[in-house]
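So the structure is just underneath, and the comments pick up after that.
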């Protein structure tokens with residue numbers, strides 16, 4: 001049973017990491033997009049980013065809180081929980097840690113959205129500048 005929970009959690013994290021890796025690979029391919037497709041992709045990313053920003057702001061706050069709690073949590077408290085078989089304390093601690101992994105993955109995905117949007121905006125801006133420069137020649 002315990003191994004099943006850990007395996008399931010690890011599989012879930014692995015799947016999310018593969019999704020993020022796929023998004024990064026897609027980003028590499030989009031860099032060479034045509035001007036029209038580039039603008040369509042920018043609009044798509046803006047919409048996706050707008051949807052994610054509210055949860056990511058809340059997520060960052062939750063993650064920061066968890067990080068502070070973890071830093072201040074005494075190592076001996078965890079050791080005592082293990083030694084005394086404090087299942088509820090240890091389970092709640094594990095649940096909080098797993099929830100923070102979910103938040104961190106969500107933040108990573110939102111960061112990829114932001115990076116993709118900025119890269120495509122920069123490419124579009126450079127192409128526009130070059131188009132004007134070439135028209136003046």
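The values are calculated or read from the model by the stated rules, or taken from the named source; none is laboratory data. Values in this document were obtained by computation on a predicted structure and should not be read as measured data. Heads up, the Cβs are rebuilt from the backbone with ideal geometry, glycines too, and the neighbour counts pull from every protein chain shown.
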Quiz prompt | Pairs where the first residue, in region 13-39, is assigned to a helix (DSSP H, G or I) and the second is exposed (fewer than 12 other Cβ atoms within 10 Å of the Cβ) and modelled with pLDDT of 75 or more, C-beta under 9 Å, 6+ apart | solution = 35/128; 35/131
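Evaluate the following for residue 64: is it within 27 Å of residue 10 (Cβ to Cβ), modelled with pLDDT of 85 or more and out of contact with any helix residue (DSSP H, G or I) (no Cβ under 6 Å at 6 or more places or on another chain)? So that I can check it myself, show each step before the final result.
Values: within 27 Å of residue 10 (Cβ to Cβ): yes; modelled with pLDDT of 85 or more: yes; out of contact with any helix residue (DSSP H, G or I) (no Cβ under 6 Å at 6 or more places or on another chain): yes.
So residue 64 passes the test.
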Quiz item: Within region 95-137, can you find the residues that are out of contact with any helix residue (DSSP H, G or I) (no Cβ under 9 Å at 6 or more places or on another chain) and either exposed (fewer than 11 other Cβ atoms within 10 Å of the Cβ) or over 24 Å from residue 19 (Cα atoms) (or both)?
Solution: 95, 122, 125, 126, 129, 130, 132, 133, 134, 135, 136, 137
Practice problem: Considering only region 73-86, state which residues are part of a helix (DSSP H, G or I) and either more than 21 Å from residue 10 (Cβ to Cβ) or within 26 Å of the chain's Cα centre (by Cα) (or both). | Solution: 75, 76, 77, 79, 80, 81, 83
Quiz item: When residue 81 is evaluated against the numbered criteria (1) farther than 30 Å from residue 110 by Cα; (2) surrounded by 12 or more Cβ atoms within 10 Å (Cβ to Cβ); (3) free of Cβ contacts under 8 Å to residues at least 12 places away in the same chain, which criterion, by number, is the only one it fails?
Solution: (3)
